[in-house]
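Peer 1: One structure coming up, written as structure tokens, with questions to follow.
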Amino acid sequence: MKYVLIIALTLFSLTAVNSQNIISEEEGFTPQVGVLVSMLNDLSNRLERTVKDLDVDAIDYLLDEDANTIGTLIMHLAATEKIYQVYTFEKREFNAEEEKEWGTAMSMGRDAQKKFKGKEVREYLEAFKAVRAKTLQYLKDKDDAWLAQNTMDNNMNHHWAWFHVMEHQSSHLGQILLIKKRIPEK
């Protein structure tokens with residue numbers, strides 16, 4: 001009986017793990033856009049799982065005086081996704097109001113260390129999720145042909161632009177994981 005239970009638990013855990021590691025077409029989108037959405041959702045889920053239980057001290061932890069905090073990095077991810085929204089969907093750059101709202105998060109550094117401090121992780125995740133919700137709303141109206149079209153400057157196509165958003169998020173998720181491992185224990 002003990003071995004049957006071990007086998008059952010092993011099979012259950014393998015099934016649970018594998019079901020989380022599948023990229024597929026998300027319903028409600030064209031095939032390639034749906035795959036893109038699946039990958040974006042996977043990255044945002046990994047980000048949230050990584051940071052959701054961190055307290056303010058952990059979110060504000062600096063590896064050194066030139067480093068960025070986890071809170072700053074989450075806001076930077078939101079700001080980067082926001083600039084790609086306006087660039088690819090609206091065919092423009094940030095306006096003055098958006099630059100004021102997102103500029104510090106885009107630039108990071110010392111100004112961001114001051115601005116993004118003392119807040120709960122929930123606040124940063126809410127900002128990130130709001131931007132992501134808007135991205136998904138925009139993508140609902142796009143098709144696979146749109147992905148192949150070039151951006152307004154003809155320097156990349158939309159598919160590459162959103163691939164870059166994902167690689168950017170993945171890179172900063174690695175930074176967040178490194179910082180999380182280096183946070184001193186209380």
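Peer 1: List the residue ranges in the chain for DSSP H helices whose C-alpha atoms run 20 angstrom or more along the long axis and whose Kyte-Doolittle average is -1.0 or above.
Peer 2: Working: long enough: 2-20 (27 Å, 1.25); 31-51 (30 Å, 0.15); 70-88 (27 Å, 0.61); 121-140 (28 Å, -0.33); 158-182 (36 Å, -0.46).
Both cut-offs are met by 2-20, 31-51, 70-88, 121-140, 158-182.
Peer 1: Return the aspartates and glutamates within reach of LYS119: Cα separation strictly under 13 angstrom, same-chain partners fewer than 8 residues apart disregarded; answer none if there are no such residues.
Peer 2: ASP55, ASP57, ASP60
Peer 1: Of LYS114/LYS134; LYS114/LYS180; LYS82/LYS181; LYS82/LYS129; LYS117/LYS180; LYS82/LYS140, which ones are farther than 18 Å apart at the Cα? It would help to have the intermediate numbers written out before the result.
Peer 2: Values: LYS114/LYS134 27 Å; LYS114/LYS180 20 Å; LYS82/LYS181 28 Å; LYS82/LYS129 11 Å; LYS117/LYS180 16 Å; LYS82/LYS140 16 Å.
In this structure, LYS114/LYS134; LYS114/LYS180; LYS82/LYS181 lie more than 18 Å apart at Cα.
Peer 1: To continue, here is another question. In debye to the nearest 20, how big a dipole does the chain give about its Cα centre with +1 on each Lys and Arg Cβ and -1 on each Asp and Glu Cβ? If you can, show how the numbers build up before the last one.
Peer 2: Working: 23 positive and 29 negative charges, 110 e Å.
Value, rounded to 20: 540 debye.
Peer 1: May I pose another question? If you average the alpha carbon positions of region 22-48 and of region 110-150, how far apart do those two centres end up, in angstrom?
Peer 2: If we compute the Cα centre of each part, the gap is 15 Å.
Peer 1: Okay, moving on. Please state the charge dipole magnitude for region 47-128, taken about the Cα centre, from unit charges on C-beta atoms (+1 on K and R, -1 on D and E), reported in debye and rounded to the nearest 20.
Peer 2: Working: 12 positive and 19 negative charges, 34 e Å.
That gives a dipole near 160 debye.
We did not get these values from a lab; they are worked out from the coordinates using the rules stated. Here the structure is a predicted model, which means the values were calculated and not measured. Backbone-built Cβ (ideal geometry, glycine too); neighbour counts: all protein chains shown.
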